[in-house]
Amino acid sequence: MYEKKERYIVEFQDIPAEREHQIEIEVDERRDNYDEVELGFDEERALREAKRCLSCRRCLGCALCWAECKPEAIIFEMDDEYYDVEADAVIISSGVERPHDRLDSSFGLGQHLNVITDLQLARMLSETGPSKGLVIRPYDGEIPSSIAFVQSYESASPPMHTSALCLGINEAILVRGKLAEAEIEVFASNLEDFRQEQDSTLKGLERIKISDATVSSVEAVENQNLELTISSNGSETSKVFEMIVLITQPQLSNAVKQMSKDLDLSLNYASFLAEGEGSVLLTTDNETIKLAAKS
């Protein structure tokens, strides 16, 4: 660690990209003229440098990005602006939420840094995310050699359960593509129907183990690795992983629920999981308002 502007910064040895330098004209071109020497960034360099600004690994709330941002593009005090718009029809894009406050504390989210949710992993996997697509442990920025995907809810309706598992397993496949040697295991319950529905896909998984089991607790051990207590077929075992991803239960977003209430609509709890070909719009009790469903 070193100190800069009275703020402590953790040094990482594998920051995704080096700092971009602005374009300057060659020394020979500077002679006998008053042309501008420093030409700034072209679009390509500007985009690379902007992405580099998001490589802090994890936000500590230190506001160093604000302190270092000379263009003052980061404004924490920015207020929301509201507009009135007239429209002939409204289509509500439902989206989903995966509330953290419903997660049992036994999974250690918020207590153990190497426990994250599936949505946090999705952000990590993105090339525009904070780690620029690198899969790393939040605790120390190291590449994990073992990752467990753990169902974090006791039970859910079949469509909800299928949607949650599909996201978790798809993420496991993406992680396998990035970490060829890592041990990856998925722990979930009530897998009979899911295995039948996704049989062909599951057979094609490359070294991703799917276990019909429940995880009752997670404890931090040496080097912030995580020990899982696993229950399966009436017996209990334990296993250690370097990182855990919690598979969370999707729900209709609170924003949509509030908007529906404001518009005096009645929406089905799981309407956004309706099946259909292409772009599907579900009708509501107001003919000018429709709900964009899962396609």
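Odds and ends about this structure:
- Residue within region 67-85 that is touching a residue at least 12 places away in the same chain (Cβ under 8 Å) and exposed (fewer than 12 other Cβ atoms within 10 Å of the Cβ) present: yes
- Summed over region 170-215, the residues that are surrounded by fewer than 17 Cβ atoms within 10 Å (Cβ to Cβ) and either aromatic (Phe, Trp, Tyr) or not assigned by TED's automatic domain parsing to the domain that holds SER231 (or both) give a count of 0.
- Output for region 98-110, where each listed residue is without any contact (Cβ under 8 Å) to a residue 40 or more places away in the chain and not in a helix (DSSP H, G or I): GLY110
- Only residues that are buried (at least 16 other Cβ atoms within 10 Å of the Cβ), over 24 Å from LEU125 (Cα atoms) and assigned by TED's automatic domain parsing to the domain that holds ASN114 were counted across region 229-259, and they come to 2.
- Checked against the criteria, THR162 does not count as touching a His at 6+ places or on another chain (Cβ under 9 Å), of a type in the set (Val, Ile, Thr) and touching a residue at least 24 places away in the same chain (Cβ under 8 Å).
- Of the residues in region 189-204, at least one is within 21 Å of VAL115 (Cα to Cα) and not aromatic (Phe, Trp, Tyr).
- Pairs with Cβ under 7 Å, 6+ apart, first in region 115-131 and within 21 Å of ARG48 (Cα to Cα), second surrounded by fewer than 17 Cβ atoms within 10 Å (Cβ to Cβ) and small (Gly, Ala, Ser): LEU125/GLY133; SER126/GLY133; GLU127/GLY133; PRO130/SER55; SER131/SER55
- Of all residues in region 192-219 being touching a His at 6+ places or on another chain (Cβ under 9 Å) and not acidic (Asp, Glu), the one that is modelled with the lowest pLDDT: PHE194
- Within this structure, LEU179 passes the test of being more than 23 Å from PRO99 (Cα to Cα), hydrophobic (A, V, I, L, M, F, W, C), modelled with pLDDT of 90 or more and over 13 Å from the mean Cα position of the chain (by Cα).
- Identity of the residue in region 36-68, charged (D, E, K, R) and at pLDDT 80 or above, that ends up farthest from LEU134 (Cα to Cα): GLU36
- When the helices (runs of 4 or more DSSP H) confined to region 136-247 are screened for residues that are closer than 17 Å to LEU109 by Cα, those reaching at least 1 such residues are found at 158-178.
- Among the numbered conditions (1) in contact (Cβ under 8 Å) with a residue 40 or more places away in the chain; (2) crowded, with 20+ Cβ neighbours inside 10 Å, the only one that SER157 does not meet is (2).
- Subset of region 220-260 [aromatic (Phe, Trp, Tyr) and either touching an Asp or Glu at 6+ places or on another chain (Cβ under 6 Å) or modelled with pLDDT under 95 (or both)]: none
- Residues in region 146-172 that are more than 13 Å from ASP118 (Cβ to Cβ) and not acidic (Asp, Glu): SER146, SER155, ALA156, SER157, PRO158, PRO159, MET160, HIS161, THR162.
- Considering region 132-176, the residues that are among the polar types (S, T, N, Q) and within 23 Å of PRO99 (Cα to Cα) include one that is nearest to the chain's Cα centre (by Cα), namely ASN170.
The values are calculated or read from the model by the stated rules, or taken from the named source; none is laboratory data. Computed from a prediction, not measured in an experiment: that's the story for all the values here. Cβ: placed from backbone, ideal geometry, glycine included. Neighbour counts: every protein chain shown.
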